[in-house]
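K.L.:
Starting off with a structure, shown below.
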Amino acid sequence: MLKIGWKWALAQQLRRKNMSTILIKNPLMIATMNSSGDEFSGGHILLKDGMIASIGPGDFIGQTDEEIDA
């Protein structure tokens, strides 16, 4: 699991950046909550303007304002 407090830190970063694109790389575990109940470790979570834009088991290729290696 990600360290306790990461949500708060992320919220603070979003407030400071006034809505940006943030990439969380290599999370320990992602539970997608889709109909298949997919879970995977590693991969990426992309946040755009404070909303989840992409979740995937592979690396994200594209430009972001900030990257967090979890």
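Just so you know, all these numbers are worked out from the coordinates, no wet-lab data involved. Here the structure is a predicted model, which means the values were calculated and not measured. Don't worry about glycine lacking a Cβ; one is built from the backbone with ideal geometry, like all the others, and counts go over all protein chains shown.
K.L.:
Could you order peptides 24-36, 45-57 by the average number of other Cβ atoms within 10 Å of their residues, highest first?
P.N.:
45-57, 24-36
K.L.:
Where Lys and Arg each count +1 and Asp and Glu each count -1, what net charge lies around Ile30 among other residues with Cβ under 9 Å from its Cβ? Kindly include the intermediate steps, with their values, before the conclusion.
P.N.:
Numbers: positive: none; negative: Asp38, Glu39.
Neighbour charge sum, excluding Ile30 itself: -2.
K.L.:
Let me ask something else about it. Along region 48-55, what does the Karplus equation 6.51 cos²θ - 1.76 cosθ + 1.60 (θ = phi - 60°) give for ³J(HN,Hα), rounded to whole Hz, x for Gly and Pro?
P.N.:
Those phi angles translate into 10, 6, x, 10, 5, 9, 7, 9 Hz.
K.L.:
Tell me, what is the FRET efficiency for Glu39 and Ile61 to the nearest 0.05, using R0 = 25 angstrom and their Cβ-Cβ distance as r?
P.N.:
That gives a FRET efficiency of 0.65.
K.L.:
For region 25-66, what is the relative contact order in percent, using Cα pairs closer than 8 Å and at least 6 residues apart in sequence?
P.N.:
With pairs under 8 Å counted, the relative contact order is 31 percent.
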